[in-house]
Amino acid sequence: MRGFNKAIIMGNLARDPEVRYTASKQAVARITVAVNRRWKGSNGEVQEQVDFIPVSVWGIQAEHCEQYLSKGSGVLVEGRISVRSYEKDGQKRFATEVVAQSIQFIGGRRDEGGAAPSRGGPHRDEPATRPPRFGSLRDEKGFTEEDFPLDISDMPEDRGGEEADIPF
């Protein structure tokens, strides 16, 4: 039997990205994505919990994270779950993280005044203020992700206190 390991998470950075370079000069960024979840408890009150998920991003994507992301930035990460073991003080320890295969920046960068900068690009005179989203290709109708930006701050907070039914 063949296994399957895929993780998709969407949330906000809990801190600024930390970028380091391997001996072979490959960039690796360590980010922590805060993911909120809500549910209705047995007493009927809405409960909320935040999971802080460690993510490793490699190569040019890591450099883009350092350049364009900061604490609070929204991201959508697709990758795989990795569990490593190591020894510290004579005890075996384990570390679990998501290794990103692609990362999308959600929402725009804010300038110091709080306004979103204009988006430049190859068809405008001004330069782009952020890199293109990873994997942003045109669909069969010619639309890209930029045509339908997702800003999680615009998503409704209350869904009647219930989470969506997921069939698994």
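Here, each number is a calculation from the coordinates, and none is a lab measurement. These figures come from a predicted structure and were not determined experimentally. Ideal geometry is used to build each Cβ from the backbone, glycine not excepted, and the neighbour counts take in all protein chains shown.
Residue-wise HN-Hα couplings along region 38-45, as the Karplus relation 6.51 cos²θ - 1.76 cosθ + 1.60 with θ = phi - 60° gives them from phi, are 10, 7, 9, x, 5, 8, x, 7 Hz; Gly and Pro carry x. Between rounded, prolate and oblate, where does region 1-118 land on the alpha carbon gyration tensor, with a ≥ b ≥ c its root eigenvalues, rounded for a/c under 1.5, else prolate if a/b exceeds b/c? It is oblate, given that a/c is not under 1.5 and a/b is not larger than b/c. As a length-normalised measure over Cα pairs under 8 Å and 6 or more apart, the relative contact order of region 20-67 settles at 42 percent. Of Gly79, Ala14, Gln61, whose Cα points farthest to the positive end of the dipole of region 1-84 (charges on the beta-carbon: +1 Lys, Arg; -1 Asp, Glu; origin at the Cα centre)? Working it through, the farthest residue towards the positive pole turns out to be Gly79.
Counting only residues 5 or more places away or on other chains, whose amide H sits under 5 Å from the amide H of Lys71 once H atoms are built in the peptide plane? For Lys71, whose amide H was placed from the backbone, the distant partners under 5 Å are Asp16. Could you tell me which trypsin sites (Lys or Arg not before Pro) in region 1-68 are loop residues by DSSP with no more than 13 other beta carbons within 10 angstrom of their beta carbon? The qualifying sites are Arg2, Lys6, Arg15, Lys25.
Sketch the reach of a paramagnetic label on Arg84 as a point 7 Å from Cα along Cα-to-Cβ, and name the residues of region 47-68 whose backbone nitrogen lies under 18 Å away. Residues passing the 18 Å test: 53-63.
A simple rule links phi to the HN-Hα coupling: the Karplus curve 6.51 cos²θ - 1.76 cosθ + 1.60 with θ = phi - 60°, which for region 9-21 gives 10, 9, x, 10, 5, 7, 7, 5, x, 10, 10, 10, 10 Hz, with x for Gly and Pro. Model label points for Gln26 and Glu48, set 7 angstrom from Cα along the Cα-to-Cβ axis, are 3.9 nm apart.
3J(HN,Hα) along region 72-84: x, 5, x, 9, 10, 10, 10, x, 10, 8, 10, 10, 10 Hz, from the Karplus curve 6.51 cos²θ - 1.76 cosθ + 1.60 with θ = phi - 60°, whole Hz, x for Gly and Pro. Exposure proxy for Asp89, Asp16, Asp51: other Cβ atoms within 10 Å of each Cβ, ordered fewest to most, give Asp89, Asp51, Asp16.
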